[in-house]
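Scroll down for the structure; my scribbles are underneath it.
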Amino acid sequence: MKNENGYLLGIDGGGTKTEFLLADSGKNEIRRLFLGASNPNSTSIENTLDILKAGITEILEGFDASQTAVYAGIAGIKSGNNQNIINSFLSRFGFASYECGSDTELALEIALKGENGTAVIIGTGIAAYARSGEKLYRSGGRGYMIDKGGSGFHFGSDALNSAFEFIEGRGGSETILKLVEKKLGKSLESSVAEIYNGGAEFVASFAPVIFEAFDLGDSSASVIIDRNAHEAAKIINAAAKNTDGRIVVCGGLCKQKEVLYPFLMKYIEGVAPLVFTDEPMVNGAVLLAERLCKNA
């Protein structure tokens with residue numbers, strides 16, 4: 001495939017959504033598509049393949065797969081045999097070139113541009129990766145059942161817990177309860193089965209409630225943000241001590257950067273600058289797809 005005549009397809013698959021971006025050889029957007037979660041650890045590998053099939057089929061309609069280079073960065077891909085399964089699946093489309101890896105590669109591409117530093121992903125989950133030359137150091141990213149805070153899941157879980165605490169007279173926040181029930185469109189007490197059936201990504205969808213409550217001056221929201229920022233900083237500090245350079249935060253919770261920044265800075269160690277990037281991680285997948293073209 002000659003890069004100047006082909007197309008680039010980037011895929012960013014996470015615990016809440018999967019983003020597909022089709023671009024021309026100059027990385028100009030042609031189509032963009034959002035589908036559901038595709039982390040095989042939070043759903044299933046069968047669901048991951050279904051999401052990928054639906055997204056690839058829709059976004060490439062009218063385009064030649066044989067003139068398309070694809071890079072898919074999927075959270076949870078390194079567990080078990082997931083990477084081999086997805087690579088085998090991608091081979092069936094007749095792409096000019098293809099590769100799959102984890103969302104780590106996307107974050108490193110977007111955040112560090114090949115330089116030393118620490119890339120932090122805060123979405124449904126949380127993980128930090130420090131690059132020092134050819135070495136890569138990881139902290140966190142063990143999933144919602146192991147990591148203890150700082151992720152969208154934990155913010156959402158804390159929102160639900162605070163709401164139930166208020167209902168039961170154990171403290172909590174009436175403001176958070178009202179915002180949770182507004183999002184649900186019904187009472188929280190009647191929604192427990194729905195919450196559990198929705199899984200980690202559904203719980204994470206309540207994370208914005210905490211920041212909305214904070215904007216309304218809610219003290220419980222402030223405590224929750226502080227606790228999660230402290231846990232996030234532990235993960236960031238553990239990775240960042242292995243390298244120099246800046247610390248770049250990417251992922252869905254970057255939308256809350258104005259609130260998160262001062263809370264995080266209370267606990268970040270060292271002197272490396274902390275910056276947030278709003279650039280979509282799928283852009284990193286497009287850049288990696290372009291690299292496949294150049295290496296073909």
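The values are calculated or read from the model by the stated rules, or taken from the named source; none is laboratory data. Keep in mind it's a predicted model, so treat the numbers as computed, not measured. FYI the Cβ positions are ideal-geometry reconstructions off the backbone, even for glycines, and counts take in every protein chain you see.
The C-beta contact set for region 83-106 (first residue modelled with pLDDT under 95, second residue charged (D, E, K, R), distance under 6 angstrom, 6+ apart or interchain) comprises Ser102/Lys78; Leu106/Asp12.
Among the residues of region 34-50 satisfying the criterion of being more than 16 Å from the chain's Cα centre (by Cα) and among the aliphatic types (A, V, I, L, M), which is surrounded by the fewest Cβ atoms within 10 Å (Cβ to Cβ)? Once the filter is applied, the top-ranked residue is Leu49. Go through the residues of region 226-249 one by one and say whether even a single one is assigned to a helix (DSSP H, G or I), modelled with pLDDT under 95, surrounded by fewer than 17 Cβ atoms within 10 Å (Cβ to Cβ) and not hydrophobic (A, V, I, L, M, F, W, C). Within region 226-249, none of the residues are assigned to a helix (DSSP H, G or I), modelled with pLDDT under 95, surrounded by fewer than 17 Cβ atoms within 10 Å (Cβ to Cβ) and not hydrophobic (A, V, I, L, M, F, W, C).
Considering region 62-112 alone, what residues qualify as being assigned to a strand (DSSP E or B), within 16 Å of Gly14 (Cα to Cα), of a type outside the set (Gly, Ala, Ser) and touching a Phe, Trp or Tyr at 6+ places or on another chain (Cβ under 9 Å)?
To start, the set of residues in region 62-112 that are assigned to a strand (DSSP E or B) comprises 68-74, 97-101.
Next cut, within 16 Å of Gly14 (Cα to Cα) only: 71-74, 100-101.
Add one more test, that the residue is of a type outside the set (Gly, Ala, Ser), and what stays is 71, 74, 100.
Those that are assigned to a strand (DSSP E or B), within 16 Å of Gly14 (Cα to Cα), of a type outside the set (Gly, Ala, Ser) and touching a Phe, Trp or Tyr at 6+ places or on another chain (Cβ under 9 Å): Tyr71, Cys100.
Contact map, region 166-179: residues that are within 12 Å of Val209 (Cα to Cα) paired with residues that are among the small types (Gly, Ala, Ser) and surrounded by fewer than 16 Cβ atoms within 10 Å (Cβ to Cβ), Cβ distance under 8 Å, separation 6+ or inter-chain. Pairs shown: Ser173/Ser219.
Within region 116-159, can you find the residues that are of a type outside the set (Gly, Ala, Ser) and assigned to a strand (DSSP E or B)? Even if it seems obvious, please write down each step before you answer.
Applying the first criterion (of a type outside the set (Gly, Ala, Ser)) to region 116-159 yields 116, 118, 120-122, 124, 126, 129, 131, 134-138, 142, 144-148, 153-155, 158.
Within region 116-159, Thr118, Val120, Ile121, Ile122, Ile126, Tyr129, Arg131, Lys135, Leu136, Tyr137, Arg138 qualify.
Condition check ((1) more than 18 Å from Phe89 (Cβ to Cβ); (2) aliphatic (A, V, I, L, M)) across all residues:
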| site | (1), (2) |
| --- | --- |
| Lys17 | yes, no |
| Arg32 | yes, no |
| Lys53 | no, no |
| Ile56 | no, yes |
| Ile59 | no, yes |
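The condition of being in a helix (DSSP H, G or I), surrounded by fewer than 22 Cβ atoms within 10 Å (Cβ to Cβ) and either on the phi < 0 side of the Ramachandran plot or in contact with a helix residue (DSSP H, G or I) (Cβ under 8 Å, 6 or more places away or on another chain) (or both) holds for only one of Ser222, Ser162, that being Ser222. In region 35-61, the residue that is farthest from Gly15 (Cα to Cα) out of those that are in contact with a Gly (Cβ under 8 Å, 6 or more places away or on another chain) and not in a helix (DSSP H, G or I) is Leu35. Scanning region 169-189 for residues that are over 27 Å from the mean Cα position of the chain (by Cα) and buried (at least 17 other Cβ atoms within 10 Å of the Cβ) yields Gly172, Ser173, Thr175. Has region 190-202 got any residue that is touching a Lys or Arg at 6+ places or on another chain (Cβ under 9 Å) and crowded, with 16+ Cβ neighbours inside 10 Å? Yes; the residues of region 190-202 include at least one that is touching a Lys or Arg at 6+ places or on another chain (Cβ under 9 Å) and crowded, with 16+ Cβ neighbours inside 10 Å.
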